[in-house]
Amino acid sequence: MTSYLIAGASGMLGQDLQSALSGREVTALGRTDLDVTDLEAVRAAVAGHDVVINAAAYTRVDDAESDEDAANSVNALGAENLAVAAAENGATMVQISTDYVFDGRATTPYPEDSPLNPVSAYGRTKAAGEIAVAAANPRHYIVRTAWLYGAGGGNFARTMLALASSKPSWTVVDDQTGQPTWTGDLARQIVRLLDADAPAGVYHGTNSGSTTWFGFARAVLASAGLDPERIHPTDSSQFVRPAPRPAYSVLGHDGWARAGLEPMRPWREALQAAVDEGALS
């Protein structure tokens, strides 16, 4: 029986990965269980496993601008440690990455082989993690994702629903375009990727289609049976933050077809399913 190790198992995606792998032999380790920056601890944890899924990450995008070393220790060194230990055990490595490895200046979806060009500290550390994983373990899948929401943690969609209970109206930026992605769908897609024994390489794990944060916010309210007209558009100049956000981070999905797999379903369909299943309540 295939044995799976999930690092970062207590996070939003990590929790849904545990559900997607229900009934299989899974070791789920959260941040307090495994320090991914400690190579010897990682080696001990990985021993005996056939698949290592790295959902551990430093995701405080703005804090990374002033503490890039801390972000790098988890996102690059931690990823490398897991990939090295997986390779030593002949295990497959799944590295979760991000749209932030690109500069956000594109106008059409980024293909999987687009050159990396991060413009933030967080993006640089995640790009370094991708490079380290690919170099350390030929049996790797790098799965880039974006705009995640789900049941297992705080996220934009849940924030919008919380605001709906406390404010009559509010504004959301309408000049950043991306792909809202349900962690439940992403977890199941990762399992399909592994089960298919697909070719090693980069895959874009986002729900299909695209929208702006404003469009996403209104869809969240509508899916929950609330009035989306309460949300009004604004632009990024009204929300200046330390780390630059990609203006356009839509990811292309050609890699799935090359592997003989269907891409993830449209984001609106996934959002309604998430709401109906109580993932945002």
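Couple of notes before you dig in:
- Of the residues making up segment 165-179, not a single one is in a helix (DSSP H, G or I) and either of a type in the set (A, V, I, L, M) or at negative phi (or both).
- Within segment 122-140, not a single residue is more than 16 Å from Q95 (Cα to Cα), touching a helix residue (DSSP H, G or I) at 6+ places or on another chain (Cβ under 9 Å), of a type in the set (G, A, S) and touching a residue at least 12 places away in the same chain (Cβ under 8 Å).
- Close pairs from segment 2-23: first part of a helix (DSSP H, G or I) and at pLDDT 95 or above, partner among the basic types (K, R) and surrounded by fewer than 23 Cβ atoms within 10 Å (Cβ to Cβ), Cβ under 6 Å, at least 6 apart: A20/R188
- Taking the listed residues S249, S223, the one that is farther than 23 Å from Y100 by Cβ and either under 21 Å from the mean Cα position of the chain (by Cα) or surrounded by 16 or more Cβ atoms within 10 Å (Cβ to Cβ) (or both) is S223, with no other qualifying.
- Looking only at segment 260-281, and only at residues there that are small (G, A, S) and in contact with a helix residue (DSSP H, G or I) (Cβ under 7 Å, 6 or more places away or on another chain), the one that is surrounded by the fewest Cβ atoms within 10 Å (Cβ to Cβ): A279
- Among the numbered conditions (1) touching a Pro at 6+ places or on another chain (Cβ under 7 Å); (2) surrounded by 17 or more Cβ atoms within 10 Å (Cβ to Cβ), the only one that R230 does not meet is (2).
- Test: residue in segment 110-121 that is part of a helix (DSSP H, G or I), touching a strand residue (DSSP E or B) at 6+ places or on another chain (Cβ under 9 Å) and buried (at least 21 other Cβ atoms within 10 Å of the Cβ): no
- Of all residues in segment 12-49, exactly one satisfies the criterion of being among the charged types (D, E, K, R), in contact with a Phe, Trp or Tyr (Cβ under 9 Å, 6 or more places away or on another chain) and over 15 Å from T2 (Cα atoms), namely D16.
- Cβ-Cβ under 8 Å pairs, at least 6 apart or on other chains, segment 69-95 side at pLDDT below 95, far side of a type in the set (S, T, Y): none
- Verdict on A44 being buried (at least 23 other Cβ atoms within 10 Å of the Cβ) and without any contact (Cβ under 8 Å) to a residue 60 or more places away in the chain: no
- Every residue from segment 230-268 that is in a helix (DSSP H, G or I), free of Cβ contacts under 8 Å to residues at least 24 places away in the same chain and either closer than 19 Å to F214 by Cα or touching a strand residue (DSSP E or B) at 6+ places or on another chain (Cβ under 8 Å) (or both): S237
- Pairs, first under 17 Å from N155 (Cα atoms) in segment 165-192, second among the acidic types (D, E), C-beta under 7 Å, six or more apart: V173/D235; G178/D99; T183/D16; G184/D16; A187/D16
The values are calculated or read from the model by the stated rules, or taken from the named source; none is laboratory data. Treat the numbers as computed from the prediction; the structure is a model and nothing was measured. Heads up, the Cβs are rebuilt from the backbone with ideal geometry, glycines too, and the neighbour counts pull from every protein chain shown.
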